[in-house]
1. Collect the residues in the range 306-324 that are exposed (fewer than 14 other Cβ atoms within 10 Å of the Cβ) and part of a loop (DSSP other than H, G, I, E, B), keeping them in residue-number order.
2. Evaluate the range 155-164: report whether one residue or more is closer than 20 Å to Thr225 by Cα and within 12 Å of the ligand (Cβ to nearest atom).
3. Scan the range 24-50 for residues that are free of Cβ contacts under 8 Å to residues at least 60 places away in the same chain and part of a loop (DSSP other than H, G, I, E, B) and jot them down.
4. When residues of the range 1-25 are filtered for being away from the ligand (no atom under 12 Å from the Cβ) and not polar (S, T, N, Q), how many remain?
5. Taking only the range 189-233 into account, find how many residues are closer than 16 Å to Val146 by Cβ and either in contact with a Phe, Trp or Tyr (Cβ under 8 Å, 6 or more places away or on another chain) or of a type in the set (Lys, Arg) (or both).
6. Name the residues in the range 426-480 that are out of contact with any helix residue (DSSP H, G or I) (no Cβ under 6 Å at 6 or more places or on another chain) and of a type in the set (Phe, Trp, Tyr), would you?
7. May I ask you to verify whether Ala66 is within 17 Å of the chain's Cα centre (by Cα), more than 18 Å from Asp196 (Cβ to Cβ) and either touching a residue at least 24 places away in the same chain (Cβ under 8 Å) or buried (at least 17 other Cβ atoms within 10 Å of the Cβ) (or both)?
8. Tell me which residues, restricted to the range 327-341, are within 10 Å of Ala364 (Cα to Cα) and in contact with a Phe, Trp or Tyr (Cβ under 7 Å, 6 or more places away or on another chain).
Amino acid sequence: MKTALTGPVRVRFPPSPTGYLHVGGARTAIYNDLLRSSLGGELVLRIEDTDRERSDEAMTRQITSALQWLEVAWDEGPHLQSERLERHRERALELLEAGKAYRCYRTREEVEELRQGSDKALRWEVLRLPAEEQERRAAAQQPYVVRFRMPQGSIQFHDLVRGDVNYPPEALEDFVILRSDGTPTYHLSVVCDDLDMGITHILRGEDHVPNTPKHIALIEALGGTMPTFGHLPMILGPDKKRLSKRTGAASVEEFRQQGVLPHALYNYLALLGWSPGGDLELMSRQEMADLFTVERLIASPAVFDTDKLSWMNGQYLRSLPLAELMPHLLPFVEELGLADAERARLEAAVEFHRDRAKDLRELAGFMVPYFTDQLDYDPELCAKFLTDPALPAQLEELARRFAALDPFTTESVETSLRELAKELEIKAGALIHPTRMALSASKTGPSLFHLVEMTGQQATARHFANFLAFLRENAQPTEKS
Ligand code: GLU
């Protein structure tokens, strides 16, 4: 689909560092990233840390690290909004001098009372004090705020996602741009920064729609090029309310900890509100950038589907080149105490198991038996083996035969196991299942004979010995039938 927009663009992502990067914020960053990549231009990262009480430097680092992990690369910044407050104040004073803003000496209570008592929008006409009273309060150096004078008339804009939006005059009020302590408000800061940073397109969450007429009026008053706005719909949780921690993971960090690959999360979030057309789903970064157009952004809210993300993660776990997969897996492997695992062997085991893993954490867990001497057998999982009095002797014989095999291959292991089962007049399964448990402390996994070969002759012998000791220590009397 062709887009009506032309580049190069200057877009921005301006998170407030008051918490972890939420997937909604991450998706906004992703669409700005894609818009920049598709049309050319720059993405500016701006940290909106003016709310000193709620902002936190650790969170700023957390957010930049989450963006880096997602590989959302900004071209400029991070700019700290808190370092630009003087500039914002300067611009407010310009507006004051030009009569586009005014000192408002009304107390908070008075403003509230006026709001209750009048059905008119709170504008200069309603808020103004009699001249004498205004002078008295000024002379007494009472605190005041600086309010922006909203223009008369309605404010319209064309939203890239929602189409035409119209705010009638009665919905527009004069709003504060400098607080009584002289600090700029969000509306002033965001507009000054967008103007100074030459932002051409503002793609942000739909919670900002009501702010947009304010910002448009401010931009007109300050003089500058009007950016184009687009507001992205919310992401809903399974309860159809705004996605939040209540119903599971909601931050990029949580998905990272769970073992989701960054590209899987990027791809999944990109599709949560944008459709490339057709049934294309798994896409490289380049493909997404090539196909991205704002015209295909979806205006209705999207429901976060954990199963779909999990499926997509599995797809990338299987298909990524090993060299790309390993750096993402290693932190999880190290967390399990396997930092010293021999690289070639680890890679072989990863290749062997990656088809079955749903995430990096699980894949790392599959590595444990290959690099650990003593596995933790779960008596509950082993209940059936613990009540079979014949099993220890059978496994002991199997272990002896495995130890003598030369070569030790998938085929020789299989032949040997099946021969023993035949001699003992038991089903092969009666040896296969406990062997799997001995070697992996799990009831499920990849093909057993491959698993034995992969484990290697020495480790197999060690696991058998430990498993036999476990069986003998925990043996239960046979249940009467
Ligand atoms: N700092 C604002 C936020 O985190 C974003 C403001 C904007 O995009 O204009 O919600």
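The values are calculated or read from the model by the stated rules, or taken from the named source; none is laboratory data. All values derive from a computational prediction rather than experimental measurement. Glycine also receives a Cβ, built like all others from the backbone with ideal geometry; neighbour counts cover every protein chain displayed.
1. Pro321
2. no
3. Listed by number, the residues that qualify are Gly40, Asp49.
4. 10
5. 4
6. The answer is Phe470, and nothing else.
7. Yes.
8. Hit for the range 327-341 is Leu338, nothing else.
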